[in-house]
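This report concerns only the one structure given below.
Rule-based calculations on the coordinates, nothing more; no lab input. Nothing here was measured: the structure is a model prediction, and the numbers come from that model. Because the Cβ atoms are built from the backbone with ideal geometry, glycine has one as well, and the counts that use them run over all protein chains shown.
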Amino acid sequence: MIIFGTKGCLYQLAILTLVCGGCGNPAAHTLRKHVTKFTLFFVPLFPLSTKYTTQCTFCGTEQKVTREQAERLRAQAGSGDGGRTHGQPRQPYRS
Ligand SMILES: [Zn+2]
């Protein structure tokens, strides 16, 4: 007997401030990736479909975005404070 099916996985990629298409507010949106995987004996083997959405945290409106849009948004979100390194020069302390 072969048991197969699908399994949905949800990944949160970023949180961005966008003007919402539903409520018109510049609110925080979560960028999410929905992956549906083919499973065999409950083991996920390969992804069947991948889609990206943004969801307004203010009113809950969910909008589909393309992979290209999602990657651009993710890059925008990452450019803020994610890429900072620890090598900040120390100011000499003067007394
Ligand atoms: Zn909204």
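A compact table of results
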{"item": "Where only C-alpha atoms are counted, convex hull volume of the stretch 4-78 per residue in Å³", "result": "87"}
{"item": "Cut-off 14 Å, label 7 Å out along Cα→Cβ of residue 3, residues of the stretch 27-48 by amide N", "result": "39-44"}
{"item": "Amide H contacts under 5 Å for residue 17, placed H, 5+ residues apart", "result": "29"}
{"item": "Order by protection proxy (mean Cβ within 10 Å, highest first), peptides 57-68, 1-12", "result": "57-68, 1-12"}
